[in-house]
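I have placed the structure first, in the form of structure tokens, so that the comments after it can refer back to it.
The values are calculated or read from the model by the stated rules, or taken from the named source; none is laboratory data. Note that the structure is predicted; figures quoted are calculated from it, not measured.
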Amino acid sequence: MGTFSKLNRYHGAGEETNVNNAERFGEPVKSLFTTSKVFTLHRHIDITDADEKVVYRADTKFPSLHDKTTITDANGKQVAFISKKIMTLHERRFISMENGVDFELSNEIFHIVKDITNIEGLGWQLRGNILGLNFELYDAMDSVIAVIGQKMVSIHDKYCIDIYREDCEKEVVAILIALQHMIRDRENAASSASSGSSSSQ
């Protein structure tokens, strides 16, 4: 029996697949896990496998107006590069894969409970549930590629990715890293708005 919660899909390394994922999609071909480490001049995310070995790393240097992030594999070879478009009403991230594939995540309605982010350039869709901290990634044929779950209570941001299409693994990792940055931007914006509102009272 997999992880019992149907609301939150997160499971740790060595734990069984979430029961909801297993019932709907079967067993994933692979699961990966991320942990964020935040420092003053740089943000680092490790992506590990079920044996807790690092398979990818994501590094963002600060200050960085465009939130430039490089993803490398365990051997240090670049896998993807992510950047943010500024001066836009959309939450947007551009992703360039090392294999020459370029695509972008664009979101206008990230503030509602359920939303859909189109992965322009791939024809994929990311369907999210902010309250449940769950996201499902589908291809153009509406077949599941991966399911992402965030740990509800954690000092560091922790995510698990159940991958159902192993050939899409690197793109999935890049999308997850971009998604984490988009969520962090929204949280920071909400915090700033709250602080501004409090100070004006």
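Structure notes:
- Of residues in the stretch 84-106 being within 14 Å of the chain's Cα centre (by Cα), under 17 Å from Arg184 (Cα atoms) and not charged (D, E, K, R), the one modelled with the highest pLDDT: Phe94
- Residue within the stretch 17-30 that is at pLDDT 85 or above and assigned to a strand (DSSP E or B) present: yes
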